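The values are calculated or read from the model by the stated rules, or taken from the named source; none is laboratory data. These numbers were taken from a predicted model, which means no experiment stands behind them. FYI the Cβ positions are ideal-geometry reconstructions off the backbone, even for glycines, and counts take in every protein chain you see.
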Amino acid sequence: MQGTRVVFLERGRVEVEDFSVAPVASHQALIRTEVSAISAGTELTTLLGGRGTERYPSYPGYSNVGVVEEIGPRGRSIWNLYQPVLALWRQASQFWAALRCTVCEKRSLNSCSPRS
């Protein structure tokens, strides 16, 4: 299966590239991204080379809203096919989660109200 992703090839250079999606492991879910962003903090700093320690290529997009497309056998007790989720990934600590959102499940993606 082919996917598309944003890549920071070098300082200040962004492209969109095709890549091969790895098969889903038994405990994983494949999520098709519908909405993502480049954060104004970590990812923008990486793109601009603001720390001087960046490594390229770099792949932004650690949080997104998407839909579950495929589920490994052990993940079926957690997710449902075509379920909207908020997916979070934090590479430094290897944290990953896909959380249900009742607003997203109603397909009201622009209805989330800011929380103080």
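Determine whether segment 81-96 contains at least one residue that is assigned to a loop (DSSP other than H, G, I, E, B), modelled with pLDDT of 80 or more and either surrounded by fewer than 15 Cβ atoms within 10 Å (Cβ to Cβ) or of a type in the set (D, E) (or both). Break it down into steps so the answer makes sense when it comes.
Filtering segment 81-96 down to residues assigned to a loop (DSSP other than H, G, I, E, B) leaves 81-83, 94.
Restricting the remaining residues to those that are modelled with pLDDT of 80 or more gives 81-83.
Next, only the ones that are either surrounded by fewer than 15 Cβ atoms within 10 Å (Cβ to Cβ) or of a type in the set (D, E) (or both) stay: 81-82.
Yes - at least one qualifying residue is present in segment 81-96.
Filter segment 21-52 down to residues that are of a type in the set (S, T, N, Q) and farther than 18 Å from V7 by Cα, then give me how many there are. It would help to see each step written out before you state the result.
Filtering segment 21-52 down to residues of a type in the set (S, T, N, Q) leaves 26, 28, 33, 36, 39, 42, 45-46.
Those still in the list that are farther than 18 Å from V7 by Cα too: 26, 28.
Going through segment 21-52 one residue at a time, the tally reaches 2.
Which count do you get for residues in segment 59-80 that are modelled with pLDDT under 85 and assigned to a helix (DSSP H, G or I)?
Qualifying residue count, segment 59-80: 1.
Could you check how many residues of segment 16-58 are within 30 Å of L81 (Cα to Cα), surrounded by fewer than 10 Cβ atoms within 10 Å (Cβ to Cβ) and of a type in the set (A, V, I, L, M, F, W, C)?
Matching residues across segment 16-58 total 1.
Would you check which residues across segment 6-52 are modelled with pLDDT of 90 or more, in contact with a strand residue (DSSP E or B) (Cβ under 7 Å, 6 or more places away or on another chain) and not β-branched (V, I, T) and list them?
Result: F8, L9, E15, E17, D18, F19, S20, L47.
Need the failing condition index for R55 against (1) modelled with pLDDT of 90 or more; (2) part of a strand (DSSP E or B); (3) within 21 Å of V6 (Cα to Cα); (4) of a type in the set (D, E, K, R), just the number.
Of (1) modelled with pLDDT of 90 or more; (2) part of a strand (DSSP E or B); (3) within 21 Å of V6 (Cα to Cα); (4) of a type in the set (D, E, K, R), only one is false for R55: (2).
Do we have G12 as surrounded by 12 or more Cβ atoms within 10 Å (Cβ to Cβ) and either under 30 Å from I78 (Cα atoms) or of a type outside the set (S, T, Y) (or both) here? Talk me through it step by step, then tell me what you get.
Details: surrounded by 12 or more Cβ atoms within 10 Å (Cβ to Cβ): no; either under 30 Å from I78 (Cα atoms) or of a type outside the set (S, T, Y) (or both): yes.
It is false that G12 is surrounded by 12 or more Cβ atoms within 10 Å (Cβ to Cβ) and either under 30 Å from I78 (Cα atoms) or of a type outside the set (S, T, Y) (or both).
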